[in-house]
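The values are calculated or read from the model by the stated rules, or taken from the named source; none is laboratory data. Worth saying up front: this structure is predicted, and the values here are computed from it rather than measured. Note: ideal-geometry Cβ built from the backbone for every residue, glycine included; neighbour counts use all protein chains shown. Accessible surface is based on the protein model in full, side chains and every heavy atom, while ligands, DNA and RNA are left aside. Shrake-Rupley method; radii C 1.70, N 1.55, O 1.52, S 1.80 Å.
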Amino acid sequence: MTQQKKLGGTFSFPGTPFQVFRVGYGAMQLSGPGIFGPPKDRTEAVRVLHAAMEAGVNHIDTSDFYGPYVTNQIVREALYPYPAGLVIVTKLGGRRDEKGGWLAAHSGQELIEGAESNLRNLRLDVLDIVNLRAWGIHGPDPGFDVRPSMDVLADLQRRGIIRHIGVSNVTREQLVAAQKIAPVVCVQNCYNIANRADDRLIDDLAQQGIPYVPFFPLGGFTPLQSGHLNATAASLGATPMQVALAWLLHRSSNMLLIPGTSSVAHLRENLAAASLELSSEALQRLDAIAREASHS
């Protein structure tokens, strides 16, 4: 298989030396239930990361608030010293309470401590890319002012603690505000076949050469939408997740995927989505899911 076809081909983070395959790996599920505490099978978690590297994955998405700390510690255990060319993207802007609740963490001190914690648990001297996670319970919060947090990240960049900055869970307006403070090398938002509020944003980012990293590829589907997806997947001899991932790769060349799993078998299924061919008929059926969502 040529590099152009392997794992969906490649895409580069703008203004960086980082070129990655379009199908990467999201490490969130390496921690325990609810993304809290240790995994049930740490050995399998390490095995998943080894299998991802063996398959050629060179883009890992993680954060110290997964676990907390657990996921980054497993990444370090499995992969340190890190393979040449591996790009590790982490996030700041959140923390966990003692019961596993998700809390915003946008003060200057919290962001600085979060960066230092990621460095420590990943055993890195500098963080490749850090996404500023704008906190919102059900998607982006339009009232959140990204500028103070971006100022802190830009200072961490000047100090050599982080190399590049991305943003997550943001509106178009928040992205523009962030870009006025520092270059943004990626955007990570919720997006899938049925939830396409970011269609225009994705196209704008493609024009700028900035990758868009969708999360929750099967999130927010109605039972009827899931039924349509299941039927399409069955007709292709694939799983619904594989079809959802293949559709995302087809949607735009600047799409970088980070499907997560704690199972080697499921990892291999996800990576195989990159080679799934979607016929024009299948694409029409999948687009019907989006039209249904817009009228629901």
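Taking the Cα centre of segment 101-155 as origin, sum charge times position over the Cβ atoms of Lys and Arg (+1) and Asp and Glu (-1), and report the length of that vector in debye to the nearest 20. Mind dumping the intermediate values first?
Values: 4 positive and 9 negative charges, 36 e Å.
Dipole size: approximately 180 debye.
The local environment of Pro259, defined by Cβ-Cβ distances under 13 Å, has a net charge of 0 under the rule Lys, Arg +1 and Asp, Glu -1.
Estimated from the Cβ-Cβ distance and a Förster radius of 25 angstrom, the FRET efficiency linking Gln207 and Ala288 is about 0.35. Name the shape class, rounded, prolate or oblate, that the alpha-carbon gyration tensor gives for segment 192-290, where a ≥ b ≥ c are the square roots of its eigenvalues, rounded holds for a/c under 1.5, and otherwise prolate holds if a/b is larger than b/c and oblate otherwise. Cα axes put segment 192-290 in the oblate bin.
Mean sequence separation of contacting Cα pairs (under 8 Å, at least six apart), scaled by the length of the chain, corresponds to a relative contact order of 19 percent. Counting protein heavy atoms only, segment 127-186 has 52 percent of its accessible area on carbon and sulfur, 1.4 angstrom probe.
Taking all protein chains together and rolling a 1.4 Å probe, Met241 ends up with roughly 40 Å² accessible.
Choose one of Tyr191, Met241, Leu103: the residue whose Cα lies farthest towards the positive end of the charge dipole of the chain (beta-carbon charges +1 Lys, Arg; -1 Asp, Glu; about the Cα centre). Final value for the positive-end residue is Met241. Give the shape of segment 57-130 as rounded, prolate or oblate, defined through the alpha-carbon gyration tensor: a ≥ b ≥ c are the square roots of its eigenvalues, a/c under 1.5 means rounded, and otherwise the shape is prolate if a/b is larger than b/c and oblate if not. Prolate. Among the listed values [x] 31, 23, 22; [y] 26, 24, 19; [z] 29, 22, 19, the one matching semi-axes √(5λ) of the Cα gyration tensor in Å as calculated from this structure is [z]. What you get for segment 212-296, charging only the Cβ of Lys and Arg (+1) and of Asp and Glu (-1), is a dipole of about 100 debye around the Cα centre.
Applied to segment 61-78, the Karplus parametrisation 6.51 cos²θ - 1.76 cosθ + 1.60 on θ = phi - 60° returns per-residue 3J(HN,Hα) values of 9, 8, 6, 6, 8, 8, x, x, 6, 4, 4, 5, 5, 5, 4, 5, 4, 7 Hz, with x for Gly and Pro.
Note on the chain: Lys pairs 8 or more places apart or on different chains, Cα atoms under 30 Å apart, count 6.
Residue-wise HN-Hα couplings along segment 227-233, as the Karplus relation 6.51 cos²θ - 1.76 cosθ + 1.60 with θ = phi - 60° gives them from phi, are x, 5, 5, 4, 5, 5, 4 Hz; Gly and Pro carry x. For the chain, a crude dipole built from +1 on the beta carbon of Lys and Arg and -1 on the beta carbon of Asp and Glu, taken about the Cα centre, is about 320 debye to the nearest 20.
With contacts taken as Cα pairs under 8 Å at a separation of at least 6 residues, segment 223-296 carries a relative contact order of 38 percent.
Using Cα pairs under 8 angstrom and six or more residues apart, how large is the relative contact order of segment 1-139, in percent?
Computed over segment 1-139, the figure is 20 percent.
Computed with a 1.4 Å probe over protein heavy atoms only, the accessible surface of the chain comes to 44 Å² per residue.
Note on Asp155 and Asp125: their simple-model spin labels are 2.4 nm apart, each label 7 Å out from Cα toward Cβ.
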